[in-house]
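Enquirer: Could you have a look at this structure, given as structure tokens, before my questions?
Here, each number is a calculation from the coordinates, and none is a lab measurement. In this text the structure is predicted, and so the values were computed from the model without any measurement. Positions of Cβ are generated from backbone atoms using ideal geometry, with glycine treated the same way; all protein chains shown enter the neighbour counts.
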Amino acid sequence: RAKDDGRGVHFAYQPSLHADAEERRQLEFSLRKALERDELMLNFQPVVDAKTEKVVSFEALVRWHSPEHGLVSPAKFIPVAEDTRLIVPIGTWVMQNACREATLWPDHVKVNVNVSPEQLVQPDFVESVVEALSHSGLDPHRLEIEVTESIFLNDTEVARVALSKVMALGCQVALDDFGTGYSSLGYLRKLQFSTIKVDRSFVQGAAQGSSESLAIVRAVVAMAQSLEMKTTAEGVETEEEAKLVRDMGCDRIQGFHFGRPMTSVDACALFDRDYQALRA
Ligand code: C2E
Ligand code: MG
Ligand code: MG
Ligand code: MG
């Protein structure tokens with residue numbers, strides 16, 4: 001092997017691992033320029049009230065149109081952004097633009113913004129939220145930050161303090177992808193989350209008749225109710241799934257069945273129709 005010309009060895013030796021590392025390196029290289037080249041965009045996905053099916057919020061979801069890589073999914077580039085700390089400027093950009101966009105919607109409609117652990121533990125995180133609110137003029141009560149259980153793995157106390165300060169501003173905090181992380185439930189006593197978002201995997205499992213998934217969704221809803229938190233069912237794709245999570249007592253529903261992530265123009269148009277319907 002050692003006396004091979006190199007090429008054969010190279011390709012015989014874990015080619016997929018090499019390709020992944022190389023792809024990541026190229027993504028990182030492009031991502032460093034994404035902000036200044038204005039390649040990021042926000043999409044907004046409606047969250048509806050389970051009973052009235054009216055839009056109560058939009059979740060801001062970042063999109064990256066890279067000239068080199070095409071449309072890159074956040075599932076792919078957010079981890080790269082997190083590893084390289086590019087998530088900090090990207091997160092600030094998301095927060096500012098999401099707040100600004102929300103001022104165009106009716107006052108009762110909130111905006112949900114995803115925040116990564118690395119962002120949360122920045123010393124100026126709270127200040128950046130204050131700035132996004134004051135620059136946009138958005139009422140703090142209309143901002144709900146989404147964090148995952150992963151924030152409780154490291155720097156737990158720093159994260160808790162930052163979230164408490166943001167809550168003191170009047171913002172809300174939702175626990176995203178609930179049940180997919182590795183944390184204990186102890187932290188639920190330490191922070192008054194407004195909302196628990198039940199991960200799509202449980203919704204899907206329940207709809208497919210998994211008694212375990214059904215039991216888990218029921219237990220999460222019961223726990224949330226006794227802790228005075230709301231529940232949002234994520235990833236609801238069909239009428240059957242909507243009915244199921246509504247019957248199980250979820251307060252809100254998000255998923256392709258009610259709306260895909262859309263441009264801000266389409267999000268605003270949705271309200272024009274709503275309002276026309278209301279006025280008619
Ligand atoms: P998430 O916060 O749990 O967002 C929900 C994801 O589920 C979105 O994927 C959304 O498009 C997708 N989704 C919604 N309804 C359905 C459905 O009915 N069926 C299916 N199959 N999928 C559905 P997306 O936009 O690709 O984002 C993936 C993840 O990337 C997000 O998961 C979030 O963790 C992260 N992310 C997105 N935008 C941001 C951001 O601005 N900042 C940070 N830190 N993370 C972000
Ligand atoms: Mg989210
Ligand atoms: Mg989620
Ligand atoms: Mg999810």
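Enquirer: Using only Cα atoms, tell me the angle between helix 211-226 and the longest principal axis of the chain; keep it within 0 to 90° and round to the nearest 10.
Expert: 60 degrees
Enquirer: Sticking with this structure for a sec: When Rg is the radius of gyration of the Cα atoms in segment 24-125 and Rh is its Kirkwood radius, what does Rg/Rh come to?
Expert: Using only Cα positions, Rg/Rh for segment 24-125 is 1.02.
Enquirer: With contacts defined as alpha carbon pairs under 8 Å and 6 or more residues apart, what's the relative contact order of segment 178-280 in percent?
Expert: 23 percent
Enquirer: Right, another one. From the phi angles alone, apply the Karplus equation (6.51, -1.76, 1.60; θ = phi - 60°) to segment 28-39 and give each ³J(HN,Hα) in whole Hz, x where the residue is Gly or Pro.
Expert: Taking θ as phi minus 60°, the curve returns 4, 4, 6, 5, 4, 9, 4, 5, 5, 8, 6, 9 Hz for segment 28-39.
Enquirer: Taking the DSSP beta bridges in the chain as the whole, what percent of them are antiparallel, to the nearest 5?
Expert: Of the beta bridges lying entirely in the chain, close to 40 percent run antiparallel.
Enquirer: Also: Report relative contact order for segment 118-209 in percent, whole number only (criteria: Cα-Cα under 8 Å, sequence separation at least 6).
Expert: RCO, segment 118-209: 28 percent.
Enquirer: OK, next. Taking R0 as 30 Å, what's the FRET efficiency between residue 268 and residue 21 from their Cβ-Cβ distance, rounded to 0.05?
Expert: FRET efficiency, residue 268 to residue 21: 0.10.
Enquirer: Only bridges whose two residues both fall in segment 52-184 count here: according to DSSP, what percent of them are antiparallel, nearest 5?
Expert: 20 percent
Enquirer: Give me the dipole magnitude in Debye, nearest 20, for the chain about the Cα centre, with unit charges on the beta carbon: positive for Lys and Arg, negative for Asp and Glu.
Expert: 140 debye
Enquirer: Rg/Rh for segment 77-190: what does it come to with C-alpha atoms and Rh from Kirkwood?
Expert: Here the Rg-to-Rh quotient is 0.95.
Enquirer: Hey, another quick one. Run through every distinct alpha carbon pair of segment 153-259 and return the Kirkwood hydrodynamic radius in angstroms, one decimal place.
Expert: Here the Kirkwood hydrodynamic radius works out to 14.4 Å.
Enquirer: For the chain, what relative contact order do you get, as a whole percent, if you take Cα pairs closer than 8 Å and at least 6 residues apart?
Expert: Value for the chain: 17 percent.
Enquirer: Percentage of Cα-Cα pair distances in the chain greater than 26 Å, rounded to whole percent?
Expert: Everything past 26 Å amounts to 49 percent.
Enquirer: Here's another thing I want to ask about it. How big is the dipole moment of segment 43-111 about its Cα centre under a simple scheme where the beta carbon of each Lys and Arg is +1, that of each Asp and Glu is -1, and everything else is neutral? Debye, nearest 20, please.
Expert: It works out to roughly 40 debye.
Enquirer: Please compute the modelled spin-label separation between residue 73 and residue 222, points set 7 Å along Cα→Cβ, answer in nm with one decimal.
Expert: Calculated label separation equals 3.5 nm.
Enquirer: To the nearest 500 deg cm²/dmol, what mean residue ellipticity at 222 nm is calculated for the chain from DSSP H runs of n ≥ 4 alone, each contributing -39,500 (n - 2.57), summed and divided by the residues?
Expert: Calculated at 222 nm, the ellipticity per residue is -14500 deg cm²/dmol.
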